[in-house]
DNA sequence: ATGACGTCATAAGCTGGCTTTATGAGCCGG
DNA sequence: CCGGCTCATAAAGCCAGCTTATGACGTCAT
């Protein structure tokens, strides 16, 4: 087959939506990663449980779809091309996100009969728990996990009613009747699009200035909004919001598109900061840090799988 | 349909590999996001270009696959359940990774006839460019982009031979014959698994101690290895590596699994830090920061799409 | 009340992609 | 020069998901 047969195409036209028409499916991406690992189509095929011709055809159609040669085939095996190595790394990102999805979904599905029942706040369940569960699975592959997401009160209720083995909450204090240990910190970051004037500042932002500026925020009552309110109450209180949106992602999208500065959990914006779609604005003299704690019924230190999960989240799980 | 009909299953058994058997495909995830946005199966179906029954069936089989109810159907529309909201957020992560994949792949496919030709170093092409291209596409949807990845010399050669319109390099200086501007910083971070003793340190690491410790590293000759070598030469030079691995990802995996401390670009580990699969170890008194620069032929300030891309990466593109 | 419009669900039939099996061709080392 | 590996090609089957057509249910306005 000649490379010239591929349609080069431009990408301006019809580039919106329909992602799955232009991105290979997960099975194909896993296969590609397996090829990268093994240096052989056949071996990769064996790993993912299909036959060699199927793998050959699948890689080939992926190359046709992307318009790029991904592997150099030789009678002695297959190596990634330069472009293939790049594509493989992007593919790995997708697969990792899929692993996190899977870990979360598996936990969510668990029923009462599961062995480890976790109750966690939204932020933790959403951003941190999937990663922890991937690690836990590596360590104790036979642990069945179930997950219940809710606010601190819900978490406490579950734990005290023996409906959960361990909980994770975000907040200023440990709820009554529970013991806990800080496992991470959720710092709220002031962010703006790189084009925003604040992105050019050298000096840290003044709390009063932050308080006086209309921001893109979650609706009143959300966890991050509460923390922000509390932190800025001493500096005149929060100004009227520029936009009030219902989800973290909506806030993120508004900030990225330049609507205005926003305040978001660092956990939610690691990716955007790394790729400079958002810029963090330093703020001085205001405590935007929130403790994330593992919690359990007072006196009942976690044992078994719960302890395993706890030790993954913290080096010294001394409660 | 009764919820009880779903097989609850445990996830310890057969949890390895075969991700695509347990994670819905991209089309289904996009559909779910559309449902979340519109609050209606029919509207979501219209958005993704399928019929309403197809959407209904697809969501239903996704719920069966995950074992969790995702949407509350009512004659007045469909809202996400609590679990559905969580799943949707995890799904969004996958879709975002897929968008980055797509942006990169589209650029890679471009041929000589493309309108904006970018030459970039591996790290930048891999971690930053996809995000920038997503933003660029939002701003100038009809720009066709092509991407060539290579080291600084390759980038310079492309630019000077008028085979690229703009380049991105990482390194200490701007190559001869080029002008450039710093667009970001790539800080090398010392990282270890949370279980590693270093993760418990309060005091920053001493450069000499870092230099004396066997680390998990990329092979000699890689960009990050060079920077590390240079930075530590004043402190006795790098110790014999604990492991020398061929790819960033392999290094990451080794570090996460506790093989030992590693040194990696911050860009590569944002996710692992956020989920605490890795912990960054502060180091004092050593410069592990590397400038990432946009570059162009001396005197020929970028214009048109190249300038558009440049302004996305930096607030003040004054070269 | 009742008809119009919205929602989602069900059923039947088709289509196309991916799979498997079977085979062939190229390269290498004993 | 044969046996081992590699990947490619061809033919046939299966299954998932699509579409079209229809129905049931709830809300709202007349």
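The values are calculated or read from the model by the stated rules, or taken from the named source; none is laboratory data. The structure displayed is predicted, hence computed values, not measured ones. A quick note on method: Cβ atoms are made from the backbone with ideal geometry, for glycine too, and the neighbour counts reach across all protein chains shown.
Being under 27 Å from residue A:92 (Cβ atoms), at pLDDT below 95, away from DNA strand D (no atom under 16 Å from the Cβ) and buried (at least 16 other Cβ atoms within 10 Å of the Cβ) is a property that residue B:83 lacks. When each of B:23, B:68, B:48 is tested for being near DNA strand D (Cβ under 9 Å from one of its atoms), within 30 Å of the chain's Cα centre (by Cα) and crowded, with 19+ Cβ neighbours inside 10 Å, the lone residue that passes is B:48. Screening residue B:315 with (1) at pLDDT 85 or above; (2) under 27 Å from residue B:134 (Cβ atoms) gives one miss only, at (1).
Please verify whether residue A:241 is in a loop (DSSP other than H, G, I, E, B) and either buried (at least 20 other Cβ atoms within 10 Å of the Cβ) or touching a strand residue (DSSP E or B) at 6+ places or on another chain (Cβ under 6 Å) (or both), treating the condition exactly as stated. Yes. Restricting attention to the stretch A:127-161, the residues that are without any contact (Cβ under 8 Å) to a residue 12 or more places away in the chain and farther than 18 Å from residue A:311 by Cβ total 2. Per the listing B:277, B:301, B:307, B:293, the residue uniquely more than 9 Å from every other protein chain (Cβ to nearest Cβ), over 21 Å from residue B:204 (Cβ atoms) and part of a loop (DSSP other than H, G, I, E, B) is B:301.
For residue A:78, the stated conditions do not hold, so it cannot be described as more than 31 Å from the chain's Cα centre (by Cα), within 8 Å of DNA strand D (Cβ to nearest atom) and either free of Cβ contacts under 8 Å to residues at least 24 places away in the same chain or within 12 Å of chain B (Cβ to nearest Cβ) (or both).
Residue B:180: within 30 Å of residue B:306 (Cβ to Cβ) and either more than 10 Å from every other protein chain (Cβ to nearest Cβ) or in a helix (DSSP H, G or I) (or both), yes or no? Taking the combined requirement at face value, the residue satisfies it.
The strands (runs of 3 or more DSSP E) falling completely within the stretch B:34-151 that include 1 or more residues that are touching a strand residue (DSSP E or B) at 6+ places or on another chain (Cβ under 7 Å) and under 30 Å from residue A:154 (Cα atoms) map to B:71-74, B:77-80.
When residue B:185 is tested against the conditions (1) at pLDDT 85 or above; (2) more than 9 Å from chain A (Cβ to nearest Cβ), the lone failure is (1).
Inspect all residues belonging to the stretch B:94-107 and state whether any of them is surrounded by 21 or more Cβ atoms within 10 Å (Cβ to Cβ), free of Cβ contacts under 8 Å to residues at least 40 places away in the same chain, more than 8 Å from chain A (Cβ to nearest Cβ) and within 16 Å of DNA strand D (Cβ to nearest atom). There is no residue in the stretch B:94-107 that is surrounded by 21 or more Cβ atoms within 10 Å (Cβ to Cβ), free of Cβ contacts under 8 Å to residues at least 40 places away in the same chain, more than 8 Å from chain A (Cβ to nearest Cβ) and within 16 Å of DNA strand D (Cβ to nearest atom).
Take the residues of the stretch B:209-229 that are without any contact (Cβ under 8 Å) to a residue 24 or more places away in the chain and assigned to a helix (DSSP H, G or I): which is surrounded by the fewest Cβ atoms within 10 Å (Cβ to Cβ)? Going through the qualifying residues, I end up with B:209. Inspect all residues belonging to the stretch B:145-153 and state whether any of them is within 13 Å of another protein chain (Cβ to nearest Cβ) and out of contact with any helix residue (DSSP H, G or I) (no Cβ under 7 Å at 6 or more places or on another chain). Checked against the condition, which is being within 13 Å of another protein chain (Cβ to nearest Cβ) and out of contact with any helix residue (DSSP H, G or I) (no Cβ under 7 Å at 6 or more places or on another chain), the stretch B:145-153 yields at least one hit.
Applying the criterion of being over 21 Å from residue B:20 (Cβ atoms) and out of contact with any helix residue (DSSP H, G or I) (no Cβ under 9 Å at 6 or more places or on another chain) to the residues of the stretch B:41-78, the residue that is nearest to DNA strand C (Cβ to nearest atom) is B:75. If you go through the stretch A:35-51 and keep only what is within 9 Å of chain B (Cβ to nearest Cβ) and closer than 15 Å to residue A:85 by Cβ, you end up with just A:36.
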